[in-house]
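Have a look at the structure below, then the notes.
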Amino acid sequence: MNKIIYVENSEGVCQESYLEEYIGASGVWALYGIEKSSGQEKCLNVGKSVDVGEEILYDIGCMHFLPVRKDGDTKYINQFKEDCGFYYKKGQTVEYLYPEIAEKYHSLKFVLIYDKTDKDKESSYAKQEHACYWRNGGAFREKTKIVNLKEQVKQRIGDLFQDGGETYTCDELIYTICSEFGYEKSWAVRILNEMIDENHLIECSNNCYTR
């Protein structure tokens, strides 16, 4: 598919943008850029979201309005167990990651690769392209630890629906995950996407969910 969402030139100026078309739209996206040191184009990240436009808009904001910071305390390791060369603070991964990308790469380009939130499509594409900063929704851990943590989060969200008739907005569910587990919004969104894919959450009206 690879439909253009947003493109910058080598000076970091927007050349082409269709962001408004993706506000509220779900899908799988990929980020490409040209490495300043080598001149080589690389796939930098891949993600899936129930709101592609909002997520990418925030990522672009981090690129252009946040400085590169050197006060992180946790090494950034991608899903391929590679050291990406910088440190971040937990709960602020995106806010450390995208200024780092903007410093090292130019001609950044976001593209839509699939028009639904599909975790298998995200994973297979990221592995195929060897996306440099992709971490499959959270910090790299051994697989069993990732599964255990995700199950804890899913159980907590499930507890909100004990009576069976409750409804919550996407923002309310994201806030619960971020505030109680200390993870960034993009990770929380991906957990919710998984719960929707697994039919643990059902959309009952615009941006509202039940079980």
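The values are calculated or read from the model by the stated rules, or taken from the named source; none is laboratory data. Predicted, not measured: the structure shown is a model, and the values here were computed from it. In this analysis, Cβ positions are derived from the backbone assuming ideal geometry, glycine residues included, and neighbour counts consider all displayed protein chains.
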Would a scan of region 40-49 turn up a residue that is closer than 19 Å to Val189 by Cβ, touching a strand residue (DSSP E or B) at 6+ places or on another chain (Cβ under 7 Å) and basic (Lys, Arg)? yes
Residue count, region 170-211, condition out of contact with any Lys or Arg (no Cβ under 9 Å at 6 or more places or on another chain), closer than 12 Å to Gly158 by Cβ and among the hydroxyl-bearing types (Ser, Thr, Tyr), comes to 2
Show the residue pairs meeting these rules: Cβ distance below 8 Å; 6+ apart or different chains; first residue within region 39-52 and of a type in the set (Asp, Glu); second residue modelled with pLDDT under 95 and not in a strand (DSSP E or B). Asp51/Ile23; Asp51/Gly24; Asp51/Ala25; Asp51/Ser26; Asp51/Cys170; Asp51/Val189
Tabulated pairs, region 96-116, first touching a residue at least 12 places away in the same chain (Cβ under 8 Å), second surrounded by 20 or more Cβ atoms within 10 Å (Cβ to Cβ) and of a type in the set (Asp, Glu), C-beta under 6 angstrom, 6+ apart or interchain: Tyr98/Asp59; Leu108/Glu8
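Any chance region 76-95 includes a residue that's in a strand (DSSP E or B), in contact (Cβ under 8 Å) with a residue 24 or more places away in the chain and within 18 Å of Val13 (Cβ to Cβ)? Step through it out loud before you land on a result.
Here is the first cut: in region 76-95, the residues in a strand (DSSP E or B) are 76-77, 83-88.
In the following step, the residues that additionally are in contact (Cβ under 8 Å) with a residue 24 or more places away in the chain were identified as 76-77, 84.
Subset that is within 18 Å of Val13 (Cβ to Cβ): none.
The answer is no; no qualifying residue exists.
Looking only at region 182-211, which residues are under 14 Å from Leu160 (Cα atoms) and either part of a loop (DSSP other than H, G, I, E, B) or of a type in the set (Asp, Glu) (or both)? Explain how you work it out, then say what you get.
Pass one, region 182-211, residues under 14 Å from Leu160 (Cα atoms): 192, 195, 200-202, 208-211.
Listed by number, the residues that qualify are His200, Leu201, Arg211.
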